[in-house]
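The values are calculated or read from the model by the stated rules, or taken from the named source; none is laboratory data. Everything numeric here is computed off the predicted structure, so don't read it as measured data. Methodologically, a virtual Cβ is constructed for each residue, glycine included, from the backbone with ideal geometry; neighbour enumeration extends over all protein chains shown. Heads up: the accessible areas ignore ligands, DNA and RNA and are worked out on the full protein's heavy atoms, side chains in. Shrake-Rupley method; radii C 1.70, N 1.55, O 1.52, S 1.80 Å.
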Amino acid sequence: TSPPRRRRRRRGTSASRRRVPKVPRRSDDRRVAFLVELSDYAEERPEADQLRAALDKGGGEVLGARGWRDALEPAFLRHVEARRTYDGASVRALLRLLRNQQSHRHDLPAELEVDRTRAGLLAHVSAKFPLLLLRCVEAARAALPADAPAELAEGLAYFGPRRR
């Protein structure tokens, strides 16, 4: 194949590029804050049923056919599951893992090559699941009620207006 086609394949289709929110480069803390707020809201609010369903709908696209457990290192899984177990087929469970581990990131085993900052933990998870943030933004746009907490609505607004 010719070089332009190869480049086009690596970049993804124009439709997939339109779906990805435009985010400033130095925004990892805001990305983590949004994901943590979204996870908190989905898990703690009884009125978040639609959001919970939207997060897990089509999870195979984000997590892969076998779920997220196979993509993470065994030492990382042992560490995170020392406190609780997680459903490897659920986007919500992956968000919960990210939320819980951002509080315990300094306790990660030394053999893991993970930057122990919030941004480092996000980068570690995002490298394994590049569509996670996109799935969360799309689910929040589709199912977040109008009376959602201000910090969650502001976090969603950070990713720009909804694209059609």
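Candidates Ser103, Ser27, Ser90: the one that is polar (S, T, N, Q) and under 17 Å from Leu156 (Cβ atoms) is Ser27. Take the conditions of a type in the set (Gly, Ala, Ser) and touching a helix residue (DSSP H, G or I) at 6+ places or on another chain (Cβ under 8 Å) and apply them to Ala71. Does it pass? Taking the combined requirement at face value, the residue satisfies it. Criterion first (modelled with pLDDT under 85, farther than 13 Å from Val32 by Cα and part of a helix (DSSP H, G or I)) does Gly60 satisfy it? Yes; evaluated as a whole, the condition is true for this residue.
Limited to the stretch 119-149, what total is found for residues that are more than 13 Å from the chain's Cα centre (by Cα) and within 22 Å of Ser103 (Cα to Cα)?
Taking the stretch 119-149 first, the residues more than 13 Å from the chain's Cα centre (by Cα) are 120, 141-149.
Filter once more, so that each one left must be within 22 Å of Ser103 (Cα to Cα): 120, 149.
Counting residues in the stretch 119-149 that are more than 13 Å from the chain's Cα centre (by Cα) and within 22 Å of Ser103 (Cα to Cα) gives 2.
The residue that is farthest from Gly59 (Cα to Cα), counting only those in the stretch 73-125 that are open to solvent by 30 Å² or more (accessible area, probe 1.4 Å) and either among the small types (Gly, Ala, Ser) or touching a strand residue (DSSP E or B) at 6+ places or on another chain (Cβ under 7 Å) (or both), is Ala110.
Please enumerate the residues belonging to the stretch 63-80 that are in a helix (DSSP H, G or I) and free of Cβ contacts under 8 Å to residues at least 60 places away in the same chain. Steps first, please.
As a first pass, look at the stretch 63-80 and keep what is in a helix (DSSP H, G or I): 63, 69-71, 74-80.
The answer is Arg69, Asp70, Ala71, Pro74, Ala75, Phe76, Leu77, Arg78, His79, Val80.
Where helices (runs of 4 or more DSSP H) sit wholly within the stretch 1-55, those with at least 1 residues that are closer than 24 Å to Asn100 by Cα and modelled with pLDDT under 90 occupy 28-44. Pairing residues of the stretch 26-50 that are under 18 Å from Leu134 (Cβ atoms) with residues that are acidic (Asp, Glu), at Cβ distances under 6 Å and at least 6 apart in sequence or on separate chains, gives Glu37/Glu151.
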